[in-house]
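Here is the structure we will look at.
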Amino acid sequence: MDHFLYRDGELYAEDVPVADIAAAVGTPFYLYSTATLTRHYQLFDEALNGMEHMVCYAMKAASNQAILKTLADLGAGMDVVSGGEYARAKAAGVPGDRIVFSGVGKTRPEIKAALEGGIRQFNVESEPELAVISEVAASLGKIAPITIRVNPDVDAKTHAKIATGKSENKFGIPISKARAVYAEAASLPGIDVIGIDVHIGSQLTELDPYELAYQKVAELTEQLRADGHNIRRLDLGGGLGIPYTRTNQAPPLPSDYGALIKRTVGHLGCEIEIEPGRLIAGNAGILVSRVIYVKQGEGRQFLILDGAMNDLIRPAMYDAHHDIVPILEPAPGVEHQPYDVVGPVCESGDTFAKNRMMPPLRAGDLVAFRSAGAYGAVMASEYNTRPLVPEVLAKGDQFAVIRARPDFDEIINRDTIPPWL
Ligand code: LLP
């Protein structure tokens, strides 16, 4: 469910007509709904009711500080994967003890900054990383709280580029080696072993892979406790999928997922952390774009938009489907036509959809890409020297630009010409 609905024949973001925002901000732009972000966070929070827990939003999905602050004010923690994300979370006012640091390649400076600024835990992905965290912590006279990310060798049944829980993936430590690595961790001076971490992939549309993975984590918890480790926190990752179309079967709900967590690991008495990104932000954001031209090709017509692959890379990168809807509600019964929906970037990969059935559209019309709130703006680039796409946040009848469109000078002046030229 989201808060982008037609009202009186036009699309609204909560109580604001999207066309009004387009007139004020220009296109293309990302538009988020506070009410949808809030609702999705609360669904997870409620799903874990009755267990000590923290929902650590995977801010890689959408990391604008206004989004982070909206969620942090509700009590969310953050899952970060770089020094930049850590600094951004802190800048948005998230306290260090609500920030979890994930990622396979944490550098010494990143580890140091997190230890100095405060950290809830590091999710450790390898033995060399464990040694470096211990060393950096000891040099600062600190003890780093850690979990070890185990790779349960489970098929997440999702797109190959976003599956992470099989042994062929670069993530985590094979679960078969876990006891040895925990023993090593316990012997290191700068390390406090507090729990186990697992994350098997993104856009999961079934619960079975979670069930398998969490059962393995439950078994491991008991083994590690028997080995003498004080396992008191389980970070169960993110990955719950969202509906990208209005017609397909909806993925499981956060409440089903919460029930599964209780069933598989609830008896262990551990504090539970989860790291959802997409389900919180995905359907809380749209990308608004304008039709520049309708071009008749041979046997097809191209809808050329002012938004492009640099603004929303998911279709080009993962063949991802995004519903594209006109801002003016189509009259009931209007005949749809096939369009190849493309952007102005100079490569054929700049195609959002082929043969997409849509109501008739003309130059100047506004359209919205739905489900674009997660992995949209954060993956945007300035390819073709197209300004980084702005972001807007709606709340009730208000809206605010939360990242402004840079002008050409700002972009161009970032380059420096060496003295010999
Ligand atoms: N935790 C870890 C350790 C992760 O690597 C990820 C996502 C998450 C949590 C959040 O997963 P989510 O709940 O958002 O599914 N760019 C791709 C998705 C990449 C996901 C990477 N890791 C896309 O556009 O589909």
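A few comments on the model shown:
- Integer Hz, Karplus 6.51/-1.76/1.60 couplings in order for the stretch 199-216, x for Gly and Pro: 8, 9, x, 10, 6, 7, 10, 9, 8, 3, x, 4, 4, 4, 5, 6, 4, 5
- When both the stretch 97-120 and the stretch 260-335 are represented by their alpha-carbon centers, they are found 31 Å apart.
- The stretch 159-200 versus the stretch 9-28: alpha-carbon centroid distance in Å: 45 Å
- Cut-off 11 Å, label 7 Å out along Cα→Cβ of A91, residues of the stretch 69-84 by amide N: 84
- Nonlocal amide H pairs with Y6, under 5 Å, H built at 1.01 Å: Y12
- Three principal axis extents of the chain based on alpha-carbon atoms, in descending order, are 69, 61, 42 Å.
- Residues within the reach of a label modelled at L253 (point 7 angstrom out along Cα to beta-carbon, backbone nitrogen below 11 Å), restricted to the stretch 1-29, are 1.
- D_trans [Stokes-Einstein, Kirkwood Rh over alpha-carbon pairs] for the stretch 1-95, 25 °C, 0.890 mPa s, µm² s⁻¹: 165 µm²/s
- Cα long-axis angle, helix 108-117 against the chain (0 to 90 degrees, to the nearest 10): 80 degrees
- Overall, the accessible surface of the stretch 103-274 at a probe of 1.4 angstrom is composed of carbon and sulfur to the extent of 52 percent.
- Mean residue ellipticity at 222 nm, helices only, the chain: -8000 deg cm²/dmol; runs of at least 4 DSSP H residues each add -39,500 (n - 2.57), and the sum is divided by the number of residues.
- The listed peptides 187-198, 229-240, ordered by packing as a protection proxy, come out as 229-240, 187-198 (highest mean of other Cβ atoms within 10 Å first).
- The DSSP beta bridges internal to the chain are antiparallel in roughly 50% of cases.
- Distance violations [Cα-Cα > 20 Å] among K157/K177; K112/K161; K142/K170; K60/K90; K69/K142: K157/K177; K112/K161; K142/K170; K69/K142
- Surface accessible to a 1.4 Å probe, per residue, for the residues of the stretch 103-274, Å²: 41 Å²
- In this simple spin-label approximation, K262 and S139 carry label points 7 Å from Cα along the Cα→Cβ vector, and these lie 4.7 nm apart.
- Rounded FRET efficiency, nearest 0.05, which uses the C-beta distance separating D409 from K157 and R0 of 51 Å: 0.60
- Highest-first packing order for the peptide set 313-322, 332-341 is 313-322, 332-341, based on the mean count of other beta carbon atoms within 10 Å.
- With Rh defined as the Kirkwood radius, the inverse of the mean 1/r over Cα pairs, the Rg/Rh of the stretch 344-421 is 1.05.
- Simple Cβ-charge dipole of the stretch 103-274, Lys/Arg +1 and Asp/Glu -1, about Cα centre, in debye nearest 20: 240 debye
- Under the Debye formula (equal points on every Cα, no solvent term), log10 I(q)/I(0) of the stretch 265-421 at q = 0.08, 0.12, 0.16 Å⁻¹: -0.32, -0.63, -0.97
- Relative to the current alpha-carbon distance between Y318 and D397, full extension at 0.36 nm per residue lengthens the span by 24.9 nm.
- Start at zero, step by 5 Å, and the Cα-Cα distances of the stretch 88-154 spread as 4, 17, 30, 25, 14, 7, 3, 1 percent across the bins.
- The lysines whose alpha-carbon is closer than 19 Å to the alpha-carbon of K262, local same-chain residues fewer than 8 away aside, are K216.
- Cα pair distances of the stretch 103-274 binned at 5 Å [whole percent]: 2, 9, 18, 20, 19, 14, 10, 5, 2, 1, 0, 0
- Take the Cα of R7, go 7 Å toward its beta carbon, and the backbone nitrogen atoms of the stretch 369-396 under 18 Å from that spot belong to 393-396.
- Cα gyration tensor category, rounded, prolate or oblate, for the stretch 226-311 with a/c compared to 1.5: prolate
- Distant-in-sequence amide H partners of D323 (H built 1.01 Å from N, under 5 Å): R370
- Bridge orientation summary for the stretch 103-274: considering DSSP beta bridges with both residues in this region, about 5 percent are antiparallel.
- On the basis of the beta-carbon distance and an R0 of 45 Å, Y383 and A186 show a calculated FRET efficiency of 0.45.
The values are calculated or read from the model by the stated rules, or taken from the named source; none is laboratory data. It should be emphasised that the depicted structure is a prediction, and the values quoted were computed from it without experimental measurement. Neighbour counts are summed over all protein chains in view; Cβ atoms, including those assigned to glycine, are modelled from backbone coordinates with ideal geometry. Please note that ligands, DNA and RNA were not included when accessible areas were found on the heavy atoms of the full protein model with its side chains. Shrake-Rupley method; radii C 1.70, N 1.55, O 1.52, S 1.80 Å.
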